[in-house]
1. Which one of these is in contact with a helix residue (DSSP H, G or I) (Cβ under 7 Å, 6 or more places away or on another chain), in the same structural domain as residue 183 (by TED's automatic domain parsing), part of a strand (DSSP E or B) and among the aliphatic types (A, V, I, L, M): 248, 213, 244?
2. Out of 97, 22, 92, 3, report the one residue that is surrounded by 23 or more Cβ atoms within 10 Å (Cβ to Cβ) and more than 13 Å from the ligand (Cβ to nearest atom).
3. Report yes if residue 132 is over 26 Å from residue 319 (Cβ atoms), more than 16 Å from the ligand (Cβ to nearest atom) and part of a helix (DSSP H, G or I), otherwise no.
4. Determine, yes or no, whether residue 289 is touching a residue at least 24 places away in the same chain (Cβ under 8 Å), farther than 23 Å from residue 104 by Cα, basic (Lys, Arg) and assigned to a helix (DSSP H, G or I).
5. Does residue 125 satisfy being of a type in the set (Lys, Arg), crowded, with 22+ Cβ neighbours inside 10 Å and modelled with pLDDT of 95 or more?
6. Anything in the stretch 77-99 that is in contact (Cβ under 8 Å) with a residue 60 or more places away in the chain and over 17 Å from residue 184 (Cα atoms)? List them, or say none.
7. Filter the stretch 251-301 for residues that are of a type in the set (Val, Ile, Thr) and in contact with a Ser or Thr (Cβ under 6 Å, 6 or more places away or on another chain) and give the result.
8. Filtering the stretch 49-80 down to residues that are within 12 Å of the ligand (Cβ to nearest atom) and of a type in the set (Gly, Ala, Ser), which residue is surrounded by the fewest Cβ atoms within 10 Å (Cβ to Cβ)?
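The values are calculated or read from the model by the stated rules, or taken from the named source; none is laboratory data. Just so we're clear, the structure is a prediction, and the values are computed from it rather than from any experiment. Here the Cβ positions follow ideal geometry from the backbone for every residue, glycine too, while neighbour counts run over all protein chains shown.
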Amino acid sequence: MKLLIIGTGSIGERHLRCFQQLGRSEEIAFCETHAPRRAEIAERYEIPAALAFSDLDTALASGPFDAAVIATPAPTHIPIATRLAALGVHLLIEKPLSLTTDGIEGLVEILAEKKLTVAVGYVHRAHPAVEAMKEALDTGRFGRPLQIRTASGQAFATLRPAYRDVYFAKPELGGGAINDMITHFYNLGDWLAGPIRRVMTDADHQILEGVSVEDTVHSLVRQGDDGGVMGSYVLNLYQHPNEVLITVVCENGTVRAEYAKKRWSWMTDPNGAWHHEAVEMPDVDVMYRRQNGAFLDAIEGKGEVLCTLSEAIRTLQVNLASHRSLREGSWQTIDA
Ligand SMILES: NC(=O)c1ccc[n+]([C@@H]2O[C@H](COP(=O)([O-])OP(=O)(O)OC[C@H]3O[C@@H](n4cnc5c(N)ncnc54)[C@H](O)[C@@H]3O)[C@@H](O)[C@H]2O)c1
């Protein structure tokens, strides 16, 4: 397995580290256009100069790769993916898939023709509390989902000090909390409680210094096969506690994931108590190793990727509808 990581900024570095830790690749190369960053990554991860490329052209000229991780800003994802797919390279593409639907049909066709494995980096599906919750919901023991609520927040300026200088500050590069953050929860919501059909979004810039993109998002949705599940998704990028709370209320019980408490919980008796189950989450890399391991398994025909291309295309449609709703101040329907 010869692996190429394209872009080694914040997430590309994490992917490189996690693939190294998995130890399943014969060779890991990367390309990074920013020379100081390229040197830093090559040194930190002991990548020989011959495998640290200045751009994609040079990397591809050096020989074939089996798989690639596309960890560059969102507008480049589809053009890079299409180029690599034509060369028969399996792909792990970072979220969001894109900022428009341009080129997606063509990409889907090439991928089908070449029979390639594709995963999209909606990594919250690999959080052990979410995985346990999904498994429990899928047993059907809680009955039909009626309501889903996701609430999350973090001190982004502290956790991602470079936010002003990277794509996050620029809507045209995928910046702002809709395309960058709440998209993770739209994707999870689709997975846990059925496809989002309609969305109404309020969002604004409240306080995050040095940027004007939205740092707060509130979306109301209707989802599920018949649109009968009511959902609310809220998020900010400045509260001090770093927390993610996901609650699915079903006919016969309620299921919840709480990242900060490293647990998932359920309650089925109105006079009863919560049942809590702890999950192992020593560090955030756990999720990426799990996601990336599933990608390698899928390439080897031993399993499924955690988020498929078609699921990520749906989430792109939700992101687009959410932006439309914000612009127009009205409910928007998701076509896909
Ligand atoms: N799944 C997650 O948890 C997660 C977390 C953060 C970011 N992301 C996503 O990953 C993508 C990248 O985010 P980031 O935070 O790493 O951004 P970043 O700005 O920190 O890094 C991007 C890197 O790509 C390099 N680059 C840009 N174009 C290139 C090209 N054509 N060839 C080679 N290198 C190139 C840049 O020099 C930079 O170092 C975005 O789509 C973002 O939404 C996902």
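1. Of 248, 213, 244, the one residue that is in contact with a helix residue (DSSP H, G or I) (Cβ under 7 Å, 6 or more places away or on another chain), in the same structural domain as residue 183 (by TED's automatic domain parsing), part of a strand (DSSP E or B) and among the aliphatic types (A, V, I, L, M) is 248.
2. Unique residue meeting the criteria: 3.
3. Criteria met by residue 132.
4. Answer is yes for this residue.
5. yes
6. 80, 89, 90
7. Matches in the stretch 251-301: 299 only.
8. Among those residues, the one meeting the criterion is 54.
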